[in-house]
Amino acid sequence: MRAMKSANFFCVLVCICALSTVFAQDQTVQGAKSEPAAVQKKEKVLFTLEAPKRRPVCKVGLSFEYFQIGDDVNVAGRLTNDGCAAASGEYTVSVRFRTDDGETENIDFVELWSREDNIPIKFDNNYPMGPNTDLVRVRTKRSKCVCTEPET
């Protein structure tokens, strides 16, 4: 996507430069009284841009369970992805809890992962909520996965 935007920007820049040159020549011709009109020459410029090779994107499956342990929350589960064995990515664990004032708050924790084979990744992490809090819920969001080898 970024390569396409760069290519579009470059094309627009080339067109603007070509038009400004033609416009400048046209202004000179109109300003001259006795000189013959300038001959305008059209040229085609062809160029090829190569987009960078992208690695295939895969889908992440997350299943987990959670429970409160004092001022922390324990989140345990497993991560799977289909489409490629070797992959890496990230996901966000969002913890919502209620403070002793009755206010609800969220804290997000970003987790990175990678694997070299098709075996699911197991995880078991504790996340701090703070003193005098009650766990409301845990969710995962913004999961990302990129294959490090071609898709199967």
Placed amide H near M129: partners under 5 Å, 5+ positions off or other chain: D72, V73
Gain in span if fully extended, T92 to V136, counting 0.36 nm per residue against the direct Cα distance: 14.2 nm
With the crude spin-label approximation of a point 7 Å out along Cα→Cβ, what separation in nm comes out for F67 versus N118? 3.4 nm
P(r), alpha carbons of the range 54-152 - 10 Å bins starting at zero, rounded %: 16, 42, 24, 13, 4, 0
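We did not get these values from a lab; they are worked out from the coordinates using the rules stated. Predicted, not measured: the structure shown is a model, and the values here were computed from it. Every residue, glycine as well, gets a Cβ built from its backbone with ideal geometry; the counts of neighbours run over all protein chains shown.
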